[in-house]
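The values are calculated or read from the model by the stated rules, or taken from the named source; none is laboratory data. Computed from a predicted model, the values in this text were never measured in an experiment. Here Cβ is always computed from backbone atoms with ideal geometry, including for glycine, and neighbour counts include all displayed protein chains.
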Ligand code: IPD
Ligand code: CA
Ligand code: CA
């Protein structure tokens, strides 16, 4: 059975409404730590519980892998879900967080949705059918000079306390660009490259559920999706997303 983005949209928007119900009552939000620098809230769990139930009811043939509940049933064809990407931002009342849902069939990412309810931005794409934001087609930026560009990154590696923690790379690249952003949701960061709001994004030590949906959207918008050596593909431990024109200028700095 092929999926329909139109059928998925009300399910994702319902998940967004659940997230917003917690977002509007932060003083009562239960926040826990999965590890010293990794938060999970009652909203993350509630959104994922809803998505697991709704997606498997609508498409019983697909399995489910969620950040909070793990993997279930068929993992050859599965939903890859981050119920709230940007949980720390969410818990502080910031607007930059999103629900990320991807469909992976036989290890190929075929559809992605990233919904940022507080920003009221809904990104989606299906392989071969283009990338969309709030119903309008989107494409990467035309910026072809690194010196004039705006780049984004994140520091998952700091949470993992890695020696190779992206700080030196950030300084190297920041000195060669005009704008730098660390916005707090890798899922949305990748969509900003798809939408031309960022010219490139990179991050280490992510998980597939952080970037799977964004990668489908970015590819359909004309972005390159590689590792830090320029190898084509989605490698969550080394994600580099560019508008294509800047890839060759960034690779020597990665
Ligand atoms: C986090 C966000 C953040 C990235 C972290 C991720 P989470 O996702 O994507 O931008 O830098 O590494 O863990 O934990 O809020 O789902
Ligand atoms: Ca995440
Ligand atoms: Ca998350």
Condition check for residue 113: within 11 Å of ligand 3 (Cβ to nearest atom), at pLDDT 95 or above and not assigned by TED's automatic domain parsing to the domain that holds residue 156: no
Given (1) within 16 Å of ligand 2 (Cβ to nearest atom); (2) over 15 Å from residue 116 (Cα atoms), identify the lone condition not met by residue 83. (2)
Single residue of the range 133-144 satisfying the filter (in contact (Cβ under 8 Å) with a residue 60 or more places away in the chain and in a loop (DSSP other than H, G, I, E, B)) that is surrounded by the fewest Cβ atoms within 10 Å (Cβ to Cβ): 142
Got at least one residue in the range 150-172 being buried (at least 21 other Cβ atoms within 10 Å of the Cβ), within 30 Å of residue 68 (Cα to Cα) and more than 13 Å from ligand 1 (Cβ to nearest atom)? yes
Identify, please: which residue in the range 212-235 is farther than 29 Å from residue 135 by Cβ and part of a loop (DSSP other than H, G, I, E, B) and is, among those, nearest to ligand 3 (Cβ to nearest atom)? 235
Condition check for residue 147: surrounded by fewer than 17 Cβ atoms within 10 Å (Cβ to Cβ), outside any loop (DSSP other than H, G, I, E, B), in contact (Cβ under 8 Å) with a residue 24 or more places away in the chain and more than 16 Å from ligand 1 (Cβ to nearest atom): yes
Which of the residues belonging to the range 107-139 are within 24 Å of residue 205 (Cα to Cα) and out of contact with any strand residue (DSSP E or B) (no Cβ under 8 Å at 6 or more places or on another chain)? 107, 108
Could you tell me which numbered condition residue 86 fails, if it satisfies all but one of (1) on the phi > 0 side of the Ramachandran plot; (2) crowded, with 17+ Cβ neighbours inside 10 Å; (3) out of contact with any helix residue (DSSP H, G or I) (no Cβ under 8 Å at 6 or more places or on another chain)? (3)
Out of 235, 228, which single residue is more than 11 Å from the chain's Cα centre (by Cα), buried (at least 18 other Cβ atoms within 10 Å of the Cβ), free of Cβ contacts under 8 Å to residues at least 40 places away in the same chain and over 17 Å from residue 125 (Cβ atoms)? 235
What pairs can you find where one residue is in the range 190-208 and without any contact (Cβ under 8 Å) to a residue 12 or more places away in the chain, the other is part of a helix (DSSP H, G or I) and crowded, with 24+ Cβ neighbours inside 10 Å, and their Cβ atoms are less than 6 Å apart, with a gap of 6+ or different chains? none
Of the residues 222, 130, 152, only one is touching a residue at least 40 places away in the same chain (Cβ under 8 Å), in the same structural domain as residue 106 (by TED's automatic domain parsing) and over 19 Å from residue 82 (Cα atoms); which? 130
